[in-house]
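The values are calculated or read from the model by the stated rules, or taken from the named source; none is laboratory data. Not measured: the values here are computed from a predicted model. When we count neighbours, we look across all protein chains shown, and the Cβ atoms used for this are built from the backbone with ideal geometry, even at glycine. In case anyone asks, the SASA skips ligands and DNA or RNA and just uses the protein heavy atoms, side chains included. Shrake-Rupley method; radii C 1.70, N 1.55, O 1.52, S 1.80 Å.
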Amino acid sequence: YALGAFTSVRVSAELRRHEHVADIRIRVSPLPVDRWRLGIGIMSGALQRTEQGEHSSVPQWDIHLFGRYERRHILGTLGKLTIEDRPRLVFQRAFPSITVPQPGNQVKVRVNEPGLIERRTDAIGTSQYDVGPDPFLGFMRHDLLFRLSAKRAFISRTLFTTLSLQQDVFLVFDGATTVDGSPPPASHGYTFLEEDLVVDLRDDSAQPRRGGYLQLVTSQAPRWAGSDWTAFRLTPQIRGYAPLPFHMVLAGRFALGAMFIVSTSDQLDATSAELGPTSYRLRGGGATSNRGFLPGQLGAGLQGGLRRWEASGELRVRLGESFVVALF
């Protein structure tokens, strides 16, 4: 099922008691080779800049149309091609505040080819184009990225490693303005090599009750014609979960972050030269950070910063199958 080739997998046992044997029967329902999806929705909350990077809460929400095409078994393998388009109207405030909406569009193409490099390694290629208001500062821009990744699991899928190379091209509209009145950043490029290490010891990835989770993401950006910074970025985090009576869970998270800028292009504005590319600055607040602050309002604020120390604790009280109250 995890390979993405089936819509369902059902496992049953047929006992032969007199022989002390259990026959395991597996019934699978294959996915179609081509699949289309259309829809409409509301999106609010988190931005994940890279596939392995952490989620960041953003002071922005949108109403969007949604279209996706999936082609499976490309090249006669378990590979998959996904093309997704999301035209949207964007509100530049935390949900559910209403502002004058701005148009935007996100187009994403992703190819996942398991076993291309080595049997247990996934090769992933991603390209994404996003035009519209910046998630934090609200100025209009074009944001284009290309990413190549290799991902592999070890030790019964408790250790995950990913190596990626990414190129970003960031073009700011002429005459663009920000929500806080500050000058918008200069257009720029950013190239980096990223390493991601995850140790997942949780009993359940979706609704954990016990165990721990450790993630370390590092990146190195060399300055060249396509990149305006020489910089290094380090963002470790650790989470822990302890079960309590009555299906309650005590959850804790501690995260650090640092970005070290070595050299910059002369074409950059002063803020970008000091703090780095706006999409990769360290920010806090919101549901994925400290819930007591709105997104982007913790610490350095909407402009972001170069360092982060962050800790949070939650008492999660489960009420039925689909409802949880969290004291934080």
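Applying a threshold of 8 Å to beta carbon distances and a minimum spacing of six or more residues, or different chains, the list of pairs starting in the range 82-100 at a residue that is touching a residue at least 12 places away in the same chain (Cβ under 8 Å) and more than 17 Å from residue 66 (Cβ to Cβ) and ending at one that is open to solvent by less than 20 Å² (accessible area, probe 1.4 Å) and among the small types (Gly, Ala, Ser) reads 92/138; 94/286. Of all the numbered requirements in (1) modelled with pLDDT of 90 or more; (2) open to solvent by less than 60 Å² (accessible area, probe 1.4 Å), residue 65 misses one, and that requirement is (2).
Report yes if some residue within the range 171-185 is among the aromatic types (Phe, Trp, Tyr) and not in a strand (DSSP E or B); otherwise report no.
First, the residues of the range 171-185 that are among the aromatic types (Phe, Trp, Tyr): 173.
If we keep only those that are not in a strand (DSSP E or B) as well, we get 173.
Yes, the range 171-185 contains a residue that is among the aromatic types (Phe, Trp, Tyr) and not in a strand (DSSP E or B).
Inside the range 279-328, can you point out the residues that are modelled with pLDDT of 90 or more and acidic (Asp, Glu)? Matches in the range 279-328: 310, 314.
Being modelled with pLDDT under 90, under 19 Å from residue 74 (Cβ atoms) and open to solvent by 100 Å² or more (accessible area, probe 1.4 Å) is the filter here; which residues of the range 3-55 pass it? Passing the criteria: only 3.
Entry remark, the range 167-185: residues being modelled with pLDDT of 95 or more and of a type in the set (A, V, I, L, M) number 3 in total.
Residue-wise test of (1) of a type in the set (S, T, N, Q); (2) open to solvent by less than 40 Å² (accessible area, probe 1.4 Å); (3) more than 26 Å from residue 116 (Cα to Cα); (4) more than 20 Å from the chain's Cα centre (by Cα).
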| residue | (1), (2), (3), (4) |
| --- | --- |
| 168 | no, yes, no, no |
| 176 | no, yes, yes, yes |
| 191 | yes, yes, no, no |
| 210 | no, no, yes, yes |
